[in-house]
1. Report the FRET efficiency, 1/(1 + (r/R0)^6), for HIS236 and ASP621, where r is their Cβ-Cβ distance and R0 is 60 Å, rounded to 0.05.
2. Add +1 for every Lys or Arg and -1 for every Asp or Glu among the other residues with Cβ under 11 Å from the Cβ of TYR514, and state the total.
3. Roughly how many nanometres apart are two label points built 7 Å out from the Cα toward the Cβ at MET289 and ASN31?
4. Using the basic label-point model (7 angstrom from Cα toward the beta carbon), what is the SER708 to HIS428 distance in nanometres?
5. Want the number for HIS203 to SER216: 0.36 nm per residue separation, take away the alpha-carbon distance, what's left?
6. Calculated FRET efficiency, VAL734 and GLU475, Cβ-Cβ r, R0 41 Å, to nearest 0.05?
7. Largest first, what is the accessible-area ranking of LYS660, LYS462, LYS526, LYS479 with a 1.4 Å probe?
8. What is the angle, in °, between the Cα long axis of helix 447-463 and the longest principal axis of the Cα atoms in the chain? Nearest 10 is fine, range 0 to 90.
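The values are calculated or read from the model by the stated rules, or taken from the named source; none is laboratory data. From a predicted model like this one, the values you see are computed outputs, not experimental measurements. Cβ atoms come from the backbone with ideal geometry, glycine included; neighbour counts cover every protein chain shown. Protein only, heavy atoms only, side chains kept; ligands, DNA and RNA dropped before computing areas. Shrake-Rupley method; radii C 1.70, N 1.55, O 1.52, S 1.80 Å.
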Amino acid sequence: MITLATTSVMVFSLYQMRQDAMLQARNATTNLANSLEKETERNLDVFQLAMRELATSINTPALQRLPLHVRELVAFGAITDAKELGTLYATDAGGNLIFDSRSPVPRKVNVSDRDYFLAQQQSRDAGLYLSKPFLPKEGDTQKPTIALSLRLDRDNGQFAGIVASTLRLDYFHEMFKDAILGQHGTITLLRTDGTVLMRQPYHPADVGNTLAGGHSFPPLVQAEQGNYVDIAVLDHIERLYSFKRIGNYPLVVVVGFATEDIYAGWHRRAVAIGTVTVVIDVLSIWLSMMFARLLRRRLEMESQLQQLAWFDSLTGLPNRIQLQREALRVLAHAKQSASNFATLFIDLDRFKRVNDTQGHAVGDEVLREIAERLREFIHPGDSISRLGGDEFLVILQNCDVIKAMHIAGRILQTVRQPLALDSKRGTHITITASIGIAIYPYDGQSTDVLLRNADMAMYQAKSGGRNRIHFYSPEYERKAREHLELEIALQHDLKAEALSVVYQPRVDAKGVLYGAEALVRWYNDKMGFIPPDCFIPIAEESGLIAELDDWVLDVACRQLAAWRALGLAPPNISVNVCAMDLKRSDYPNFVARTLAAHGLAPEDLILEMTERAIFDEAAEDIRTSIEQIHALGVMLAIDDFGTGYSSLNYLQRFPIKELKIDKSFIQGIGDHASSESLAQTIINIGKTLKLTVVAEGVETQAQRDFLSRHDCDLYQGHLISPPLPPDDFALWMVGHRHVASARTMAVEIDAGHKAKKIRDA
């Protein structure tokens, strides 16, 4: 029965291990396919955007009147983001180049025989067409290329030519070559008609072949994604495949792991486990003798477990518990000998990306290698430990500031050396570290204080740009304490609704009130007035920003409804939102509920967001929220335009209606020609894209006159009015209404006098 039980357990374990091996391989191929699909789709989207911008510039007569540098900015706004984009060009109906990104004067090249030209010529509904591989007519004929094309039509609907861009297929070769596939793994990129565009391992003869004859091909192109096991048409090797359709493009990426590679480890373990099981079965009759051996092994395991209680199982370094013992030893020695010692807090920079992109197994290997490198700096009497995650602590005995700086610099250099991930393929990764240093007895008299201060110094090194060394200073502790006090006070005052909202008017070129922007202000009873640029970053770091923004939106909408009940009618109210708001799936519904609660229409509200919010890491969540908010009818504006990730790409991808020129450009008008040029350029871009352009921070009449001469739409700043409390803003609206009416009447009278003089003449 013992033999039967052990054999059954062995068979079940081997079966489960085999299933786990296949499941892990399926997850790995699926994740790799998804990763490659996202990267490929992103680049093709950039290519398509560049083509559509070129098509827009060709079909928009108004753009031809812009200055040359603005026309180039509009025509090639996205091409700079498309690093692998070969040539962007447009042709006439005969296939001759009329617009060429490679030359100011279009080359004499005719593409009327290419499939991507014929497809657009023969069908108005071809859409975005992706060609078969071909060799360019000019340049390096050894590099296969594909092309993407869009149709150009005249006003009467007749074929006018195409806009096309070329993409070298060795771009995909470079993308695929670093993937870890095992000995017989493959990555294949093919069109939905079965044409192979690229295959890894790379063989030039594979490009252009077709896989349409395989029995697994129909379900591969009919589904968006999936997995299957099949024998390859090209090399006849059985593999587990995961495929993923690339967005809306007629492309599929297929990742395959050979079943031989998947089960290689399982086969080795099966032999080992089977051998052990046979041995156990044979020796089971000697239970009395085995009992003594098992007892001895149990005692050995207990000894090993006791060892593991003091040391890190991954790196073999002392753990946090052992660190306390070592630190107390070093501290006692320093007190006895009246010497110094240094505490180095080491944190790897952006280590999370290694785990996210390469997997935790690779991350563990990186940590083991870093631990081995750090051991080189440990001498008798010193101590090194792993605190957890990617954090290490080094204690250097008899060490002053100079020696600590020298050793920390050598540690940075050693950590920065490339680490080999795959020696066969030559795959390497480079990682850096940030180091905070605290010196005994100057920076602390106990191990806990020294560790805390070294930790704070390390965060200062990270905030200073990473890959740096920073010594502790009491100033850091003071700043951290002040930061915490502000956060606690902000949390308290926010719950008590002790903050206030002020309103700054926005007027058009004639001085007519266009709307008001709601701005939050904070006055604390103990700390006095606290500037927004001080407490807004704290709210973002602590997660209070979402609650703060929700409160400001509700107060602003309630105030707009109250003004209208009094007979005052600001056309709209503007409220700032941040990336954290837009990441919330329920935020569009919250906006709709707030408007409805105060009896406001969607057009009564403008939400202002910065460029940085659009380029947040969770861009997909933000894009979804933006689209839902736009669907409600709420207008969206870009605040502080020109200071973040300025690009024309997102102005077309997102439903933006308003651009706000950053006040730093406005304040430079009259003093800096570059500020005037940038302000004028932003106004021109806004006009070209039919966006409302707002100048914020207008403080002088000279600034307003300059902006008026260049046809700026709206004005906001202290010249018009500083931010005002609700009651003062109401008084301002009453007074401004009479002034604006008088100004309008004066303008009409002046215009009448001028018209009379013209008639008399």
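1. Working: r = 44 Å, r/R0 = 0.74.
Efficiency at R0 = 60 Å is approximately 0.85.
2. Working: positive: ARG506, LYS510; negative: ASP508, GLU517, GLU658, ASP713.
Taking every other residue near TYR514 into account, the sum is -2.
3. With each label point 7 Å from Cα toward Cβ, the separation is 4.7 nm.
4. So the two model labels end up 6.3 nm from each other.
5. Working: separation 13, 0.36 × 13 = 4.68 nm, distance 2.22 nm.
Extra length from HIS203 to SER216 when fully extended: 2.5 nm.
6. On the way: r = 50 Å, r/R0 = 1.22.
With a Förster radius of 41 Å, E is 0.25.
7. Numbers: LYS660 0, LYS462 35, LYS526 195, LYS479 105 Å².
If we order LYS660, LYS462, LYS526, LYS479 from most to least accessible, we get LYS526, LYS479, LYS462, LYS660.
8. 50 degrees
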